[in-house]
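Take a look at the structure set out below.
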Amino acid sequence: MTENSPATENTKTVLTGLQPTGVLTIGNYIGAIRNMLEYQKEHKCYYFVADLHSLTVDIEPAVLRKNTLDVYALLLAFGVNPEKSTFFVQSHVSAHAELTWILNCHTQFGEAKRMTQFKDKSKKSPQNVNVGLFDYPVLMAADILLYQPDYVPVGKDQNQHLEIARTIAERFNNKYSPTFTVPEGINPKYGAKVASLSDPTAKMSKSDENKNGSIFLLDTKDEIMRKFKRAVTDSGNEIVYNQTEKPGISNLLTIYSCLSGKSVKEAEKEFSGSSYAQFKDAVGQTVCDFLLPVQQEYARICKEKDYLSSLMRNGAEEAARTAYRTLSKVYRKVGLLSR
Ligand code: TRP
C-alpha cells in the first residue's frame, strides 16, 4: 500500500494510548512511538493521550495538564500525522467514561482483582488504592472497544489488560449480539526494549523515582551526556552484546543501534577497541543528535497554542463520531431507552 492510498475494505484498524503520567523517555520512542509511525503508513490509526488513566495515581493538576500537552506535542513532533490518524485526548471524548460504566456491569469483581498491575501498584502505593486504579483495565477496555480496532499494540505489562478487554468483548457479544470487534495484540515491527541506565535489569520508565536512569525526550544535551557518563556498565572492557553477562553494555548497544539505524553487529565492530567511557560518550552524542530536531519541532509546535488546540478539537470530533456510534448501539442493546 502506498502512503496516500485511501482506506479500503482491507485496511486494518490499529489503536493505542499513551499515559501522560510522566515525561516521555527514549524507551517510549524505541518501544512504542517508532512503531506508531510505522502503523500509520498502512493502517487506520486511533492514537490518544490517556489522561483519564493518569488520574489513578497521585498527580498534581498542573503536572497532568503540562504532561498531556507535552505528550501530544511530542508525538506530533515525531511525525504522528493528524491528517492520517485520529489523534486526540481521551478525556475530550466522554464516551470513554460512559462506556466504562456499562462495561463495569459486565466485568466480574474477581476478574479485575486478578490483574497483576493492580496488585503491584497497590503494593507500591498503599496510601492510594483508589477504585479508579481497580477499574483501570475496564476504562482501557472501553478505550479500545469504542473504536472496533483489529490490532492493539501493547507492551508486555499491558497484555493482561488486553486479554480482559477481549474477554469483556466476547461476553458482551455473546450475551446480546455481535457488537464489538475482538481485538488482537500486535507484535511490533521493532521489538527492542530499553532498560534503565542505572539498573539495566529494570525497564526504563517515565515514572522512575531515579531520574538518572531515564533519558527524557526533553532532556538537555548536558543532562543526556551526564546520564550516559554515569550509566551502569558491566565488568570487563569489551563492547559486545550479551544480555545475561553484560546487561548494561547490551542496553547501550540497543539504544545506539535503534537511534543510529546501524545494526548491533555493526556497532560492536565500530566500537571494538574503544573504552567504555568512549562508547558511552558516543551513545550520548548519538542520542543528542537524534533528539535535537524533534525538540526543535516540539518547541515550534508549543508556541502555536491555537494550532495545537484546533488539532486536539478536530481529533476529538473525529474520534467522537466513531465512539458514539458504538456507544449508542451498546446503550440500545442493554436496554437503555433512547432519548
Ligand atoms: N494502559 C496503557 C499503558 O499504560 C495506556 C492505555 C490506555 C492504552 N488505554 C489504552 C493502551 C488502550 C492501549 C489501548 O501503557
Considering only the stretch 316-331, state which residues are of a type in the set (Lys, Arg) and either buried (at least 17 other Cβ atoms within 10 Å of the Cβ) or without any contact (Cβ under 8 Å) to a residue 40 or more places away in the chain (or both).
-> Arg321, Arg325
With the condition kept exactly as written, say whether any residue in the stretch 199-221 is aromatic (Phe, Trp, Tyr), in a loop (DSSP other than H, G, I, E, B), within 24 Å of Leu37 (Cα to Cα) and in contact (Cβ under 8 Å) with a residue 12 or more places away in the chain.
-> no
Please specify each residue of the stretch 293-312 satisfying the condition of being touching a residue at least 60 places away in the same chain (Cβ under 8 Å) and farther than 16 Å from Leu75 by Cβ.
-> none
What residue, of Leu52, Leu37, Leu18, is within 14 Å of the ligand (Cβ to nearest atom) and open to solvent by 30 Å² or more (accessible area, probe 1.4 Å)?
-> Leu52
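Would you mind stating whether Thr244 is modelled with pLDDT under 95 and buried (at least 16 other Cβ atoms within 10 Å of the Cβ)? First the steps, then the outcome.
On the way: modelled with pLDDT under 95: yes; buried (at least 16 other Cβ atoms within 10 Å of the Cβ): no.
So Thr244 does not fit the description; no.
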Unmet requirement for Thr179, which otherwise passes all of (1) open to solvent by 20 Å² or more (accessible area, probe 1.4 Å); (2) away from the ligand (no atom under 13 Å from the Cβ); (3) modelled with pLDDT of 95 or more | (1)
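If only one of Ala202, Ala231, Ala165 is under 22 Å from Leu18 (Cα atoms) and either surrounded by fewer than 16 Cβ atoms within 10 Å (Cβ to Cβ) or more than 16 Å from the ligand (Cβ to nearest atom) (or both), which one is it? Steps first, please.
Numbers: Ala231 fails: under 22 Å from Leu18 (Cα atoms); Ala165 fails: either surrounded by fewer than 16 Cβ atoms within 10 Å (Cβ to Cβ) or more than 16 Å from the ligand (Cβ to nearest atom) (or both).
Going through Ala202, Ala231, Ala165 in turn, just one is under 22 Å from Leu18 (Cα atoms) and either surrounded by fewer than 16 Cβ atoms within 10 Å (Cβ to Cβ) or more than 16 Å from the ligand (Cβ to nearest atom) (or both): Ala202.
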Just one of the numbered conditions (1) at pLDDT 95 or above; (2) more than 14 Å from Thr13 (Cα to Cα) is not true of Asp157; which one?
-> (1)
Considering the stretch 146-162 alone, what residues qualify as being assigned to a helix (DSSP H, G or I) and more than 8 Å from the ligand (Cβ to nearest atom)?
-> Lys156, Asn159, Gln160
Does Lys189 count as farther than 19 Å from Leu103 by Cα, away from the ligand (no atom under 16 Å from the Cβ) and among the basic types (Lys, Arg)?
-> yes
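Looking at the stretch 66-113, which of its residues are charged (D, E, K, R) and free of Cβ contacts under 8 Å to residues at least 40 places away in the same chain? Don't jump to the end; show me each part of the working.
Within the stretch 66-113, the subset charged (D, E, K, R) is 66, 70, 83-84, 98, 111, 113.
If the condition is that a residue be charged (D, E, K, R) and free of Cβ contacts under 8 Å to residues at least 40 places away in the same chain, then Lys66, Glu83, Lys113 are the ones that fit.
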Starting from residues that are assigned to a helix (DSSP H, G or I) and in contact (Cβ under 8 Å) with a residue 60 or more places away in the chain, keep the ones in the stretch 114-134 and report whichever is least open to solvent (accessible area, probe 1.4 Å).
-> Leu133
Subset of the stretch 55-76 that is within 13 Å of the ligand (Cβ to nearest atom) and open to solvent by 20 Å² or more (accessible area, probe 1.4 Å) - its residue that is farthest from Ala316 (Cα to Cα) | Val57
Subset of the stretch 266-281 (residues that are farther than 24 Å from Phe216 by Cβ, touching a residue at least 24 places away in the same chain (Cβ under 8 Å) and of a type in the set (D, E, K, R)) = Glu268
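The values are calculated or read from the model by the stated rules, or taken from the named source; none is laboratory data. Computed from a prediction, not measured in an experiment: that's the story for all the values here. Neighbour counts are summed over all protein chains in view; Cβ atoms, including those assigned to glycine, are modelled from backbone coordinates with ideal geometry. The area values use the complete protein model at the heavy-atom level, side chains included, leaving out ligands, DNA and RNA. Shrake-Rupley method; radii C 1.70, N 1.55, O 1.52, S 1.80 Å.
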